Amino acid sequence: MSWSDLLRRGTADPALTFARQKWEQPGKFVWVAPRETVTAPTGKEYPLCVTVYFKDADDVVKPYQPSMDGMTEADDWYIGISGQPPA
């Protein structure tokens, strides 16, 4: 699946995790966090943009910023976790 497909599916179902077939280390995955709001100092609430998080093989989670290849060229995204067969 493509990056655009991942964003659509992940936004529709935040319980899904995704990995790339080229990731060799087991245990890596990304997910699309549910949309949230933030309250500004003025007291008004604003929607936050959708955030994709990455859990690496060392169990560290950080916001994910894919490479250009990951966004525009890759079609090897799948639902699941690296090191495990696609579901």
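Test residue 84 against the criterion of being surrounded by 11 or more Cβ atoms within 10 Å (Cβ to Cβ), among the polar types (S, T, N, Q) and in contact (Cβ under 8 Å) with a residue 24 or more places away in the chain, and give yes or no.
Taking the combined requirement at face value, the residue satisfies it.
Across the range 52-75, what is the total count of residues that are in contact (Cβ under 8 Å) with a residue 60 or more places away in the chain and not in a helix (DSSP H, G or I)?
Going through the range 52-75 one residue at a time, the tally reaches 3.
Condition check ((1) assigned to a loop (DSSP other than H, G, I, E, B); (2) surrounded by 15 or more Cβ atoms within 10 Å (Cβ to Cβ)) across all residues:
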{"position": "8", "(1), (2)": "no, no"}
{"position": "14", "(1), (2)": "yes, no"}
{"position": "26", "(1), (2)": "yes, no"}
{"position": "30", "(1), (2)": "no, yes"}
{"position": "34", "(1), (2)": "yes, no"}
{"position": "42", "(1), (2)": "yes, no"}
{"position": "46", "(1), (2)": "no, no"}
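Taken together, the values in this text are just the output of simple stated rules run on the coordinates, not laboratory data. Predicted model, so just to flag it, every value in this text is computed and none were measured. We place every Cβ from the backbone using ideal geometry, glycine too, and count neighbours over all the protein chains shown.
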